[in-house]
Amino acid sequence: MWSAWVGAAWDDPRAGMAQIDGPRGRPRNLLAALDRLLADRGATLADVGRFALDVGPGSFTGLRSGMAAVRALAWALDVPVCAVPAWHAMARAANPPRQVGVLCAIRARTAVWYLARWPDVAPCTVAVDHLSQWLGATARPGDVVAGTAWSDPHLVAAGAEVGVAVEFAAGDCDAARIAAVALLGPGADWAGALQAQPCYVAASEAENRLDARAHDPPPKKGPESLAIELTQVSRGNRRKPAPSG
């Protein structure tokens, strides 16, 4: 799922946001939603002066597809892009007091999460067996949490085990929170479209499968498979006999 936010300024009363469902890896619904949000303001893509986008961590396919769509639009329109890490947007939404950290959690896959502590510990993948260890080494007294992943019983139990009170402060990242970081700063990084880079943190499932195959021993070929391969080769390379005489 993607979200999109359109506005002229953070306090724009006509700003609009939409949640977008669509097949993984197909950003057509995202582009259609942008057109609708702009049309509600009597504008088109040609009126867009800049883009802000979530660079992760997140779903490998969804992140790559969404970024490709936004970078292509920004490049075509020759407008700047602000790349905002999801955990920065979640921490800003939490609005913690000074000196209070925000423990951000995003579900990566079954029994694995992206965890980070704003502002000083970058995201990493943490499996269920290592939650207590990560929290014990990272969390500080008074920290608050951000992300609906914290409702998972495994995270709640790990927090209780190391004495971290799961005091919920903010939900997940969305387009409005990305816009808040980009427009209100400080530290917003506006640059060219192609300079925005994703924060994948973990390899995709496809990359993991390819890596596993690279380390597997070559399969043993039995007589049957060898016969099939030889038959295919001989058929493919069959030549017509040379004319006599």
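General remarks:
- Qualifying residue in the stretch 148-163 (condition: in a loop (DSSP other than H, G, I, E, B) and either assigned by TED's automatic domain parsing to the domain that holds Ala18 or under 18 Å from Trp118 (Cβ atoms) (or both)): no
- Pairs are defined by a Cβ separation below 6 Å, a sequence spacing of at least 6 or placement on different chains, a first member in the stretch 116-133 that is surrounded by 15 or more Cβ atoms within 10 Å (Cβ to Cβ), and a second member that is assigned to a helix (DSSP H, G or I) and of a type in the set (D, E, K, R); the pairs so defined are Ser132/Glu161.
- Flag not set for Ala18, criterion: at pLDDT 85 or above, buried (at least 20 other Cβ atoms within 10 Å of the Cβ) and under 23 Å from Asp172 (Cα atoms).
- Among the residues making up the stretch 44-59, those that are surrounded by fewer than 16 Cβ atoms within 10 Å (Cβ to Cβ), in contact (Cβ under 8 Å) with a residue 12 or more places away in the chain and either among the basic types (Lys, Arg) or out of contact with any Pro (no Cβ under 9 Å at 6 or more places or on another chain) (or both) are Leu45, Ala46, Val48, Arg50.
- Only one of Ala83, Ala105, Ala139 that is closer than 30 Å to Leu194 by Cβ, small (Gly, Ala, Ser) and in contact with a helix residue (DSSP H, G or I) (Cβ under 9 Å, 6 or more places away or on another chain): Ala83
- For Arg140, the requirement of being within 14 Å of Asp54 (Cβ to Cβ) and either assigned by TED's automatic domain parsing to the domain that holds Ala9 or at pLDDT 85 or above (or both) is not met.
The values are calculated or read from the model by the stated rules, or taken from the named source; none is laboratory data. Bear in mind the structure is a predicted one, so any value in this text is a computation, not a measurement. Heads up, the Cβs are rebuilt from the backbone with ideal geometry, glycines too, and the neighbour counts pull from every protein chain shown.
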